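I have placed the structure first, in the form of structure tokens, so that the comments after it can refer back to it.
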């Protein structure tokens with residue numbers, strides 16, 4: 001009887017020790033995981049082309065309201081490259097703008113990204129709420145994150161100048177492939193970019209932080225110029 005009690009006591013202690021060690025291992029693993037480097041991915045499926053939204057090759061978008069007014073903004077692709085926005089330089093209400101004119105300049109630290117107007121028209125409204133909030137981050141790109149409402153001079157040439165629907169999806173995929181090719185030329189000097197590309201993705205928000213100034217300027221000219 002005594003031997004049986006001793007055996008049961010040993011089993012209880014071993015069981016308790018097992019769970020204590022297991023819990024300790026889980027805590028250590030969680031602590032180590034918290035400090036592992038994270039490389040966000042830039043997947044093709046992450047970026048949408050909503051129905052009725054026109055996409056300009058310079059990565060602005062346009063949605064024509066029933067009133068004939070065009071809402072204009074910057075697409076997700078461009079927002080992801082720039083990341084957080086410290087300041088935005090905009091046009092004024094009533095200002096006339098032509099296709100290809102500077103529409104807005106976004107500042108990230110001491111670097112900038114300039115976007116050009118997809119249409120001819122007159123600025124009728126600026127998204128003051130967006131400016132007061134301090135940038136595009138956290139706003140739904142194709143509803144809340146519009147920059148301007150512009151009264152177009154002519155809407156008949158929209159389909160010829162911009163991408164819509166299935167063509168917009170194909171265009172965006174081509175742009176992502178072009179970005180991968182571009183980054184492949186700088187990845188050897190940037191371990192973060194190279195490692196992420198090997199995993200099948202690309203760095204997402206804040207790619208601007210992973211490039212030298214000259215490299216960012218080249219990327220800017222290639223995709224937004």
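Computed from the coordinates by the stated procedures, all read-outs in this text should not be read as laboratory data. Everything quoted here is computed from the prediction, not taken from an experiment. Virtual Cβ from ideal backbone geometry, glycine too; neighbours counted across all protein chains shown.
Taking the Kirkwood radius as Rh and the Cα radius of gyration as Rg, the range 60-144 has a ratio of Rg/Rh equal to 0.93.
The order of the peptides 144-151, 51-58, 67-74 by mean Cβ neighbours within 10 Å, most packed first, is 144-151, 67-74, 51-58.
Normalised by 2.2 N^0.38 Å, where N counts its residues, the alpha-carbon radius of gyration of the range 69-118 equals 1.17.
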